[in-house]
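The values are calculated or read from the model by the stated rules, or taken from the named source; none is laboratory data. None of the values given here were measured: they were computed from a predicted structure. As a convention, Cβ positions derive from the backbone with ideal geometry for all residues, glycine included, and neighbour counts pool all protein chains shown. Please note that ligands, DNA and RNA were not included when accessible areas were found on the heavy atoms of the full protein model with its side chains. Shrake-Rupley method; radii C 1.70, N 1.55, O 1.52, S 1.80 Å.
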Amino acid sequence: MKATTEMVLTDNLKTLNLSHMLRQLEAQLRQAREQSLDYGDFLLSLTEIELEGRAENRLKRRLREAKFPLLKTLETFDYHAAPGLDRRLLHQLASGEYISRHRNIIFLGKSGTGKTHLATGLGVEACRQGTTTRFVTGCGLANELLEARQGLTLSRIINRYARYGLLVLDELGYVPFSKEGAALLFQVLAERHERGSVIITSNLGFADWVQVFGEPTLTAALLDRLTHKAHIVTCDWESYRLKESLQGKNICPSKMVKAPRITVRTNACGGSAPAPPEFIALEANGEAEKEKAG
Ligand code: ADP
Ligand code: MG
């Protein structure tokens, strides 16, 4: 190819925003010459490079916008550590069918059982499938809504949260909401009802949700919407974190008994929460050692 032709071609690719083709042009031209590719095959290969590059960038953007705290995937989830998990259901959920049907998923269970990992993994799958996704903690969302109300941008924020194809609401229940926070959160979830999917993770059973949302009527209305045709996954196996940290100490998690605590912590959402349960590990020699869960 003549030098002037290559210069104009480079300019044209820049003007047309075909950056992936531009980056690969030289290598592709060389390969075409070496393999005596016909013009059609050469053009096909170049356009495929552009399409793949764009798809990759879109995925990166979706993952960035989702704001996952850690990029956990379903590929790295160890199913042996979650013996009660219905693998077939998870496989079906990973296909994203629940999103097209606007169904919700609720992961319930104690700390460390992989709820956030599973919710993030499904969120990553959704991003791979082209769904706009957003990950936020219950407390984080309540605070964002409360701040937006003060700054008069509330309706914009609620609309934004209504538009995501998938909203992952993590750690609902760790921290109770103020009355206003609970009402605003309800507004977001009501807006999404039957219009978009929500994945929720919580360490509380439904009966205890009233402690988080305060008002029994609001809690009932929220539960009614969220659980309607939802997939509810109970994670009732041992904590992965606890198992890992105990492995080094040669303590078996099944030999642990839950010790009820009455401490109450105050928190950033303006409410107060019972501290997570502590565990007392019964060692082989009979001595009790205190271990903190989660
Ligand atoms: P939860 O949200 O239920 O408290 P997390 O999802 O935060 O639990 O899990 C705690 C840690 O253990 C994370 O680093 C997570 O990746 C890991 N983990 C939990 N379960 C599994 C599993 N079955 N396979 C691989 N890693 C796991
Ligand atoms: Mg979690």
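Okay, here's what the table says:
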read-out	value
GLU238 being within 24 Å of the chain's Cα centre (by Cα), modelled with pLDDT under 95, surrounded by 18 or more Cβ atoms within 10 Å (Cβ to Cβ) and of a type in the set (Asp, Glu)	yes
For LYS60: the one exception among (1) modelled with pLDDT of 95 or more; (2) within 8 Å of ligand 1 (Cβ to nearest atom)	(2)
Region 63-77, residues that are within 16 Å of ligand 2 (Cβ to nearest atom), over 18 Å from GLY130 (Cβ atoms), without any contact (Cβ under 8 Å) to a residue 60 or more places away in the chain and surrounded by fewer than 16 Cβ atoms within 10 Å (Cβ to Cβ)	LEU70, THR76
Some residue of region 213-233 being of a type in the set (Asp, Glu), modelled with pLDDT under 90 and either open to solvent by 90 Å² or more (accessible area, probe 1.4 Å) or over 24 Å from LEU167 (Cα atoms) (or both)	no
Unique residue being modelled with pLDDT under 95 and either farther than 30 Å from ILE157 by Cα or surrounded by 12 or more Cβ atoms within 10 Å (Cβ to Cβ) (or both) when the list is HIS117, HIS80, HIS91	HIS80
Positions within region 192-212 being open to solvent by 60 Å² or more (accessible area, probe 1.4 Å) and polar (S, T, N, Q), in sequence order	GLN211
Some residue of region 146-168 being farther than 26 Å from ASN57 by Cβ, open to solvent by less than 50 Å² (accessible area, probe 1.4 Å) and touching a residue at least 60 places away in the same chain (Cβ under 8 Å)	no
Condition broken by ASN17, with the remaining ones in (1) in contact (Cβ under 8 Å) with a residue 24 or more places away in the chain; (2) open to solvent by 90 Å² or more (accessible area, probe 1.4 Å); (3) in a loop (DSSP other than H, G, I, E, B) satisfied	(1)
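Residue-by-condition table, conditions (1) within 15 Å of ligand 2 (Cβ to nearest atom); (2) more than 19 Å from PHE68 (Cα to Cα):
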position: GLY84; (1), (2): no, yes
position: HIS91; (1), (2): no, yes
position: ALA94; (1), (2): no, no
position: TYR98; (1), (2): no, yes
position: HIS102; (1), (2): no, yes
position: GLY109; (1), (2): yes, yes
position: GLY112; (1), (2): yes, no
position: ALA119; (1), (2): yes, no
position: LEU122; (1), (2): yes, no
